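No lab work stands behind these numbers, since they all come straight from the coordinates. From a predicted model like this one, the values you see are computed outputs, not experimental measurements. Glycine gets a Cβ as well: all are built from the backbone with ideal geometry, and neighbour counts include every protein chain shown.
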Amino acid sequence: MSLNKIDLGLINFFRRAFVPTARFGFFVVFFWFGFLKVIGLSPANGVVQRLFENTIPFMEFSTFLVLFGLFECLIGILFLIKGAERIVMPLLLIHMITTFGPLVYLPEEAWQKFLVPTLEGQYIIKNIVFIAAAIGVSAQLHPIKK
């Protein structure tokens, strides 16, 4: 078998596997981490609470945390449903905007010094990969027919 055939075979496999793998990955991360928030066991709860205290004064944190966790679970579930992309992508955008909040509103927790993130900062910055994967999933959509 030639190197070109192997290369083409791998490329075709990755093209077929990308969207289902990305969807499943989104589901696992969003549902799992969201569920941990709902049951009060998320290691991110402290950062979420400090960001909440700086931005959302009109709601109890315990209520917000459950709603935010359910929101994450919903995003995860919607990624599993083919055809729900146009619903989940705006929700993901909202989520990504809120998750980048600590980089600005809690700099002491997100940065050790200029351009040196803390572990929490690294956790937030890695969401750029989610954005890239979401763009890849969205790129596979067909235009809406008039």
Within 10 Å, count the other beta carbons around each residue, average over each peptide in 1-13, 40-52, 133-145, and list them highest first. 40-52, 133-145, 1-13
Amide H neighbours of Trp111 under 5 Å, counting only residues 5+ apart in sequence or on other chains, H built in-plane at 1.01 Å? Thr118
I want to make sure I understand the PRE zone here: with the label point 7 angstrom from the Cα of Trp111 toward its beta carbon, which residues in region 117-135 have backbone N atoms less than 18 Å away? 117-128
Once the Cα atoms of helix 127-138 and of the chain are each reduced to a long axis, what angle between those two axes, in degrees from 0 to 90 to the nearest 10, is obtained? 40
As I understand it, the value is the acute angle between the Cα axis of helix 45-55 and the longest principal axis of the Cα atoms of the chain; what does it come to in degrees, rounded to 10? 70
Which number comes out as Rg/Rh for the chain once both Rg and the Kirkwood Rh are worked out on C-alpha atoms? 1.07
Tilt relative to the chain, helix 61-80 - C-alpha long axis, 0 to 90 degrees, to 10: 0
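Report the gain in length on full extension from Leu3 to Arg16: 0.36 nm times residue separation, minus Cα-Cα distance, nm rounded to one decimal.
Gain on stretching Leu3 to Arg16: 2.7 nm.
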If I model a spin label as a point 7 Å beyond the Cα along the Cα-Cβ vector, how far apart are those points for Tyr123 and Arg86 in nm? 3.6
Using only the Cα atoms of region 64-146, each taken as one equal point scatterer with no solvent, compute I(q) by the Debye sum, divide by I(0), and report log10 of the ratio at q = 0.17 Å⁻¹. -0.78
Report relative contact order for the chain in percent, whole number only (criteria: Cα-Cα under 8 Å, sequence separation at least 6). 26
